[in-house]
Amino acid sequence: MADFVLSSEEDYFSGDTPREIIDSTIKAVKDILDEHYPGHLSFDEGSFTISRGSTQVMIIVRDYTSQEASVECIATVVSGAKITDDLMRFLLRKNSELHFGAFGLMFDDTITFSYSFSSSALEAHELKIALDTVAIISDYYDDIIVDLAGGKRAKDNLEEIEN
């Protein structure tokens, strides 16, 4: 883990991550994925995806602070579900039970599960734990959520596109 000194809180949280930090984080993520997830797909600007079970996990390197990039692992759990108070309570309760990551709701009501960490914590083991956590939880809860509120799992959407 890297040591760093805060010159001022305002500078640290400016969100202007130097390009060198972002680029080195993207390279490190790619190297880990190449070694441990050979079937991953790479996209522009530090975005990758892996498939596991009925879900796909997107890995995105983003601007975070003046000294850190963010590594986000996010999966679409269910799209097109009927968003009700009962479903929201279910998701919020699950968020309080789960050790890492959280369910979220996108602008179009797509239910996601995500887990993020800073670039200074990036090691193969940490990325694998994050990816496995997001994939396992998303793959497990997508069926439960579809039973509760309808909608489609990521795999259902992919199959629909492929046919």
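The values are calculated or read from the model by the stated rules, or taken from the named source; none is laboratory data. Not measured: the values here are computed from a predicted model. Reconstructed Cβ throughout: ideal geometry from the backbone, glycine too, with neighbour counts over all protein chains shown. Only protein heavy atoms, including side chains, enter the accessible area calculation; ligands, DNA and RNA are left aside. Shrake-Rupley method; radii C 1.70, N 1.55, O 1.52, S 1.80 Å.
Restricting attention to segment 25-38, report how many residues are open to solvent by 70 Å² or more (accessible area, probe 1.4 Å) and either of a type in the set (Gly, Ala, Ser) or over 23 Å from ALA75 (Cα atoms) (or both). Number of matching residues: 0. Give just the number: which of (1) within 21 Å of THR25 (Cα to Cα); (2) open to solvent by 70 Å² or more (accessible area, probe 1.4 Å); (3) touching a residue at least 12 places away in the same chain (Cβ under 8 Å) does ALA69 not satisfy? Going through (1) within 21 Å of THR25 (Cα to Cα); (2) open to solvent by 70 Å² or more (accessible area, probe 1.4 Å); (3) touching a residue at least 12 places away in the same chain (Cβ under 8 Å) one by one, ALA69 breaks only (2). For the criterion of being part of a strand (DSSP E or B) and open to solvent by 20 Å² or more (accessible area, probe 1.4 Å), SER42 passes. The criterion of being surrounded by fewer than 16 Cβ atoms within 10 Å (Cβ to Cβ) and more than 30 Å from ALA28 (Cα to Cα) holds for ILE144. Return yes or no: is ARG52 buried (at least 21 other Cβ atoms within 10 Å of the Cβ) and at pLDDT below 95? No.
Say we look at segment 85-112 and pick out the residues that are open to solvent by less than 30 Å² (accessible area, probe 1.4 Å) and assigned to a loop (DSSP other than H, G, I, E, B); which of these is farthest from ILE145 (Cα to Cα)? Only one residue fits best here, namely GLY101.
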